[in-house]
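Written below as structure tokens is the structure these notes are about.
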Amino acid sequence: MNAQEATQSPLINKIPVAVLGATGAVGQTFIRLLENHPWFEVKEVAASQRSEGKTYAEATRWLIGEMPATVANLTVVSCTLDAISSPIVFSALDSSVAGEVEIQFAQAGRAVFSNAKNHRMASDVPLLIPEVNADHISVVEAQRKNRGWTGSIVTNSNCAAAVAAVALAPLHEKYKVKNLFLSTMQAISGAGYPGVASLDILANVIPYINDEEPKVEAEMAKLLGSVQGNKIVDADITVTSHTNRVPVENGHTVCMSVQFESRVTADEAYQTIKSWKGANAALNLPTRPEFPIALTDAVDRPQPKRDVELGNGMTVTVGRVRSDNIFDIRLVAMGSNTIRGAAGGSILNAELMVAGGMLTNIDEFVGHATSGASKIKSASQSESGVPTV
């Protein structure tokens with residue numbers, strides 16, 4: 001069964017999943033996005049000791065809309081193996097605690113999908129965006145062999161890097177990025193809840209986000225890298241960045257200047273982005289948007305207020321594609337930091353693993369055994385292009 005067939009085949013039963021760090025802002029986004037998911041069902045919510053033993057409703061200060069009734073009465077448990085039985089674990093844990101906890105679950109045969117930075121840069125851990133680098137998932141087999149476990153750890157990237165990588169993927173596939181300068185305008189929701197102090201951010205810009213620039217610079221090269229043998233090798237890209245916190249609630253904006261291995265015009269770049277279709281392996285996954293990129297011709301777009309919800313928060317809007325006075329071209333990309341850059345991206349990663357037959361512990365739910373690194377081999381193109389908005 002190939003990946004596309006898997007996405008079209010109904011599961012016998014929904015796969016139970018757990019959310020670690022479920023009471024925090026990212027954890028709540030997982031809960032919202034997983035409500036009525038066609039493949040997954042939240043069966044367990046875990047958080048810190050102060051929340052343990054309470055109902056999820058009692059333990060959580062719910063931030064957006066109404067809390068789904070299906071989770072309100074779940075008992076919050078500890079982030080430990082003896083408290084959680086779900087085969088799929090979504091981790092919204094802070095990096096200060098995520099590293100060892102996630103390893104313990106992978107060692108116990110669980111499929112861990114992490115938002116934390118701890119394991120992102122290991123060569124046998126996919127730093128995954130399914131439309132961009134679906135073939136990177138194949139190194140999970142090497143990860144299992146190297147580490148002697150049947151589970152897995154798959155990570156999604158830093159939220160600003162995710163937006164930039166989706167925008168650059170069409171261009172890197174065709175022309176190969178050589179040098180990249182990027183400057184971000186990052187929403188306050190990226191700092192979690194309660195986030196940045198109001199007196200610091202109101203009518204202000206903070207030109208520093210702790211540890212952000214090194215993460216963005218390192219992760220861009222891995223996201224656009226390639227599988228060589230049993231590991232992911234970084235793309236040969238030099239990246240320099242400025243990261244800034246701005247008084248916007250949701251949506252990270254990234255301004256980029258790009259130089260390629262050979263000269264590329266703005267029109268060539270525009271047409272390449274417009275015709276891009278993303279990886280075939282990600283087609284028909286439930287969380288994948290119809291269009292991973294929306295291309296705008298408006299001189300003043302993208303804008304977080306107007307564009308952040310496109311594709312249910314999974315579409316990256318790209319605009320202002322034009323020539324650059326130092327490099328080849330410049331462009332602006334904007335996407336949801338809480339959905340594309342966090343919980344939504346992680347759920348899409350899990351869907352790719354299920355569709356590719358990469359999970360070892362869900363046969364009772366899919367009704368047959370699939371074995372699968374070979375099912376997802378390349379980030380080849382799909383059948384439809386990018387809309388112009």
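The values are calculated or read from the model by the stated rules, or taken from the named source; none is laboratory data. A quick note: this is a predicted structure, and the numbers were derived from the prediction, not measured. Note that we place each Cβ from the backbone using ideal geometry, even for glycine, and neighbour counts take in every protein chain shown. Just so you know, the surface numbers come from the protein's heavy atoms only, side chains and all, with ligands and any DNA or RNA stripped out. Shrake-Rupley method; radii C 1.70, N 1.55, O 1.52, S 1.80 Å.
Things to note:
- Cβ pairs under 9 Å, 6+ apart, first in the stretch 280-300 and on the phi > 0 side of the Ramachandran plot, second open to solvent by 50 Å² or more (accessible area, probe 1.4 Å): Asn284/Gln4; Asn284/Gln8
- Any hit, the stretch 127-140, residues being free of Cβ contacts under 8 Å to residues at least 24 places away in the same chain and either closer than 18 Å to Gly192 by Cβ or open to solvent by 10 Å² or more (accessible area, probe 1.4 Å) (or both): no
- For the stretch 27-39, taking the residues that are among the hydrophobic types (A, V, I, L, M, F, W, C) and assigned to a helix (DSSP H, G or I), the one that is surrounded by the most Cβ atoms within 10 Å (Cβ to Cβ) is identified as Phe30.
- Filtering the stretch 161-181 to residues that are basic (Lys, Arg) and surrounded by 24 or more Cβ atoms within 10 Å (Cβ to Cβ) leaves nothing.
- Some residue of the stretch 248-261 being part of a helix (DSSP H, G or I) and out of contact with any Phe, Trp or Tyr (no Cβ under 6 Å at 6 or more places or on another chain): no
- All positions within the stretch 73-104 that are under 19 Å from Val26 (Cβ atoms) and in contact with a helix residue (DSSP H, G or I) (Cβ under 8 Å, 6 or more places away or on another chain): Leu74, Val76, Val77, Cys79, Ile84, Ile88, Val89, Phe90, Ser91, Ala92, Leu93
- Within the stretch 188-210, the set of residues being open to solvent by less than 70 Å² (accessible area, probe 1.4 Å) and in contact with a Lys or Arg (Cβ under 8 Å, 6 or more places away or on another chain) comprises Ile188, Gly190, Ala191, Val196, Ile201, Ile206, Ile209.
- Some residue of the stretch 40-62 being among the hydrophobic types (A, V, I, L, M, F, W, C), outside any helix (DSSP H, G or I), at negative phi and surrounded by fewer than 21 Cβ atoms within 10 Å (Cβ to Cβ): yes
- Scanning the stretch 211-225 for residues that are loosely packed, with under 14 Cβ neighbours inside 10 Å and either hydroxyl-bearing (Ser, Thr, Tyr) or not in a loop (DSSP other than H, G, I, E, B) (or both) turns up just one, Pro214.
- With respect to (1) open to solvent by 10 Å² or more (accessible area, probe 1.4 Å); (2) within 21 Å of the chain's Cα centre (by Cα), the lone exception for Asn158 is condition (1).
- For Thr184, the conditions (1) crowded, with 24+ Cβ neighbours inside 10 Å; (2) outside any strand (DSSP E or B) all hold with the exception of (2).
- Candidates Gly195, Gly151 - the one that is at pLDDT below 95 and not aliphatic (A, V, I, L, M): Gly195
- Residue count for the stretch 243-279 under the criterion of being crowded, with 21+ Cβ neighbours inside 10 Å and over 23 Å from Ala160 (Cα atoms): the result is 1.
- Among (1) more than 24 Å from Ser157 (Cα to Cα); (2) of a type in the set (Asp, Glu); (3) open to solvent by 30 Å² or more (accessible area, probe 1.4 Å) - the single one Asp328 does not satisfy: (3)
- Among (1) open to solvent by 20 Å² or more (accessible area, probe 1.4 Å); (2) in contact with a Pro (Cβ under 6 Å, 6 or more places away or on another chain); (3) not acidic (Asp, Glu), the one test that Arg301 misses: (2)
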